[in-house]
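Beneath this line is the structure, given in structure tokens, with notes to follow.
Derivation of every value follows stated rules applied to the coordinates shown; laboratory data play no part. Here the structure is a predicted model, which means the values were calculated and not measured. Note: ideal-geometry Cβ built from the backbone for every residue, glycine included; neighbour counts use all protein chains shown.
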Amino acid sequence: MARTPFIAGNWKLNNDHMEATHTVQKLAWLLRDAKHDFSEVEAAVLPSFTSIRSVQTLVDADSLELKYGAQDISAHTSGAYTGEVSGPMLAALGVSYVAVGHSERRQFHAETDEVVAAKVKAAFEAGIVPIVCVGEGLDIRKAGDQVPYTLAQVDGALEGLDAEKAAQVVIAYEPVWAIGTGEVATPEDAQEVCGAIRGRLVELYSQEVADAVRIQYGGSVKSGNIASIMAQPDVDGALVGGASLDPEEFAKIVRFKAHAA
Ligand code: 13P
């Protein structure tokens, strides 16, 4: 079963709503000029909550094929949870994806595997596909424990999820030591863990589910390294941080097939 490659730009805490509009306009022009086929490589941006409405307006007005998503979601639907943004609120903005359990949320907001699992469920309840982020820190990598560590995060995030939903999940393997450091994992490093994640999906669910799930690599992805990472059999896309803020660079990453040859 062929998996459509999926490149997503996680803007993190960047781009207010006006900057978001300019960035998406430029990205859309670049991809249109290049006649990018979105059915061949899917592309999405994940703006801040305050920029999502502007991106939605632009995508709707120009009938863009670019998808968009959020960087976080509340585990709760409504109620006394000051500062939270719920799945139904995001769904009302036409959001397709939401990043869940990014290492920066785990590190700075104490998100545990239990919280991540609750957010995965909240996303599905709202009809939004979660991009579940997993990956080890430098100490774990140095100890050679990246595979069991990351698989335990996968187990935790998918806890209680049925096979039908699991097949739709996107998993982003982002080794923390490669995020924003310029130190990209080698394609072999990425394949080792992404392949192990797919193997775990076979164990947890079935070969069919494992074959359907798209697994992204994230960590210092740029136009110069994307093609070799995408050449790995179990890497189906990328979750791009810093390089996604520059529309020209991000368009090149989305168009990795064009400059892979
Ligand atoms: P960088 O691409 O800036 O390393 O960030 C990766 C990331 O965390 C994407 O979610």
Calculate the length of the line joining the C-alpha centroid of region 145-199 to that of region 92-125, in whole Å. 15
Set of lysines with alpha-carbon distance to Lys35 below 23 Å, sequence-local pairs under 8 removed: Lys26, Lys67, Lys222, Lys252, Lys257
Rg (Å, one decimal) plus Dmax (Å, integer) for the alpha carbons of the chain? 17.1, 54
Let me understand region 1-125 better: what is its radius of gyration from the alpha carbons, and its Dmax, in angstrom? 15.2, 47
Most exposed first, judged by fewest Cβ atoms within 10 angstrom, Met18, Met89, Met230 run Met18, Met89, Met230
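Given 0.36 nm per residue, what is the gain on full extension from Asp139 to Asn14 after removing their alpha carbon distance, in nm?
Contour length minus the Cα-Cα distance gives 42.1 nm.
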List the lysines whose Cα sits under 19 Å from the Cα of Lys121, skipping any in the same chain fewer than 8 residues away. Lys165
Can you give me the pair-distance distribution of region 80-119, C-alpha pairs, 5 Å bins, whole percents? 6, 20, 24, 27, 18, 5
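How long are the semi-axes of the ellipsoid equivalent to region 152-261, from square roots of 5 times the Cα gyration tensor eigenvalues, in whole Å, largest first?
On the way: eigenvalues 133, 40, 32 Å².
Each semi-axis is √(5λ); the values are 26, 14, 13 Å.
Over 15 Å apart: what share of the alpha carbon pairs of region 89-141 falls there, rounded to a whole percent? Don't skip to the answer; put the middle values down first.
On the way: 674 of 1378 pairs.
Of all Cα-Cα pairs in region 89-141, 49 percent lie more than 15 Å apart.
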Amide H neighbours of Val100 under 5 Å, at least 5 residues apart or on other chains, H built in the peptide plane: list them. Ile131, Val132, Cys133
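Would you mind computing the Rg to Rh ratio of region 119-207 from its alpha-carbon coordinates, Kirkwood style for Rh? It would help to have the intermediate numbers written out before the result.
On the way: Rg = 13.5 Å, Rh = 13.7 Å.
For region 119-207, the value is 0.99.
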With label points built 7 Å along Cα→Cβ from the Cα atoms of Glu203 and Trp29, find their separation and express it in nm. 5.0
Region 17-77 versus region 212-261: alpha-carbon centroid distance in Å: 17
